[in-house]
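One structure below.
The values are calculated or read from the model by the stated rules, or taken from the named source; none is laboratory data. Everything quoted here is computed from the prediction, not taken from an experiment. Because the Cβ atoms are built from the backbone with ideal geometry, glycine has one as well, and the counts that use them run over all protein chains shown. Quick note on the areas: whole protein, heavy atoms, side chains included, nothing else; ligands and nucleic acids left out. Shrake-Rupley method; radii C 1.70, N 1.55, O 1.52, S 1.80 Å.
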Amino acid sequence: ADGLTEWEDRLSFDAPLSTRRDLERAWKHWHSILFEYGHLNGAAAAEQWRARVSARRESRREDRANRRTAQLPEGKVWFEAAQEWREVLPTAICPAGLEYRFDMVTGKNYARLIV
């Protein structure tokens, strides 16, 4: 996971969508390896590892979004996309190439990377 988080950290804000998709595919592969690790070493150990890596990824996503937001006009925030659906704030600026969904019950917008 360290190699993947390093790759993710070094991606520029304007990295091609294909590169972001490759990264998300690599994370999917990591999750399948983690699943096998759980079979060998127990589900609790695998879940602890998954939780640690997920927390680290989320922290780094927030850092990247904050760095990008500092470059935007006042009142705007950068939307850091992921493979899972995430809420898009009304003041968010989204990168190109995302899949969008509107929840008609709550009136909220969601977006994710297309993998």
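Things to note:
- Within segment 48-76, being among the aliphatic types (A, V, I, L, M) and in a loop (DSSP other than H, G, I, E, B) holds for 70, 72.
- Within segment 77-102, the residues that satisfy the criterion of being part of a loop (DSSP other than H, G, I, E, B) and farther than 26 Å from residue 4 by Cα are 89, 90, 91.
- Subset of segment 103-115 that is assigned to a strand (DSSP E or B) and not aliphatic (A, V, I, L, M) - its residue that is modelled with the lowest pLDDT: 112
- Test: residue 59 is closer than 20 Å to residue 113 by Cβ, open to solvent by 50 Å² or more (accessible area, probe 1.4 Å), modelled with pLDDT of 90 or more and small (Gly, Ala, Ser): no
- Within segment 33-47, the set of residues being in a helix (DSSP H, G or I), of a type outside the set (Ser, Thr, Tyr) and either out of contact with any Asp or Glu (no Cβ under 8 Å at 6 or more places or on another chain) or at pLDDT below 90 (or both) comprises 33, 34, 35, 36, 39, 40, 41, 43, 44, 45, 46, 47.
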